[in-house]
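Heads up, the thing below is written out as structure tokens.
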Amino acid sequence: MQEPIKKLFSSFSAPLVEEIEKNAVIQEFKAGDIIIRTGQYIKSTVLVISGTIKIYREDEDGGEFFMYYLQPGQACAISMICATKHETSQIMAKVVEDAELIMVPLALMDKWMMQHRSWYEFVIETYRSRFEEVLDVVDNIAFKAMDERLIFYLKRHQKVANSNKLNLSHQEIATELNTSREVISRLLKKLEQSGLLLLQRNQIELLKI
């Protein structure tokens, strides 16, 4: 376990890496697996070794509000907060690409915050970066029109996928932006006509976005 930890979490001190290896476990998950559900008590802090995790909110009717992705070397700030406060989860976490996760027992969160400066700094930086990302999402919802929100959404996926070709259906985008498929299809067609992207079956190629 030490090798991926040292590679992906290079800021962790040697004693902290030893503690993680001694107390944590690595679990594998398949695309589509739900690893955190709304209302669930969180028993472990999740560190991502490989794969992609989607963090989102779900309403009573099953509608989704996309928040952010987790990638290798990252952790979920919201689940950390719920874990330390012994509260139920307010978010959903779904595996988008097959993933390996380090599951750190809840009981060690507070202990490591006091004993390991590198863990303390990692947690604070995780809170900060995720807070800024959620603020970006809120700003887009509150202050921007749907076409601007769509471009913002596509740029985020481009960054996560590290590719200009995104395997996204119009319905998937509509669900995550909480709008209709017809609206998304119309806006995507408009962007294609402007030469900003190219539409293919369940794939969008970004050209000038």
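Brief remarks follow.
- When residues of the stretch 1-23 are limited to those that are open to solvent by less than 50 Å² (accessible area, probe 1.4 Å) and not hydroxyl-bearing (Ser, Thr, Tyr), the one farthest from residue 115 (Cα to Cα): 4
- Residue 92 vs. criteria farther than 23 Å from residue 20 by Cα, at pLDDT 85 or above, surrounded by 13 or more Cβ atoms within 10 Å (Cβ to Cβ) and touching a Phe, Trp or Tyr at 6+ places or on another chain (Cβ under 7 Å): yes
- Criterion applied to 187, 150, 168 was being outside the structural domain of residue 66 (by the TED database), in contact with a helix residue (DSSP H, G or I) (Cβ under 6 Å, 6 or more places away or on another chain) and under 21 Å from residue 96 (Cα atoms), and the one residue passing it is 150.
- Tally of residues being within 16 Å of residue 56 (Cα to Cα) and surrounded by fewer than 18 Cβ atoms within 10 Å (Cβ to Cβ) across the stretch 142-156: 1
- Residue selected from the stretch 157-209 under the condition in a strand (DSSP E or B) and of a type in the set (A, V, I, L, M), by the criterion most open to solvent (accessible area, probe 1.4 Å): 198
- Residue within the stretch 46-66 that is of a type in the set (Val, Ile, Thr), more than 25 Å from residue 161 (Cβ to Cβ) and open to solvent by 10 Å² or more (accessible area, probe 1.4 Å) present: no
The values are calculated or read from the model by the stated rules, or taken from the named source; none is laboratory data. Note that the structure is a prediction, hence the values are computed from the model and not measured. When we count neighbours, we look across all protein chains shown, and the Cβ atoms used for this are built from the backbone with ideal geometry, even at glycine. Protein only, heavy atoms only, side chains kept; ligands, DNA and RNA dropped before computing areas. Shrake-Rupley method; radii C 1.70, N 1.55, O 1.52, S 1.80 Å.
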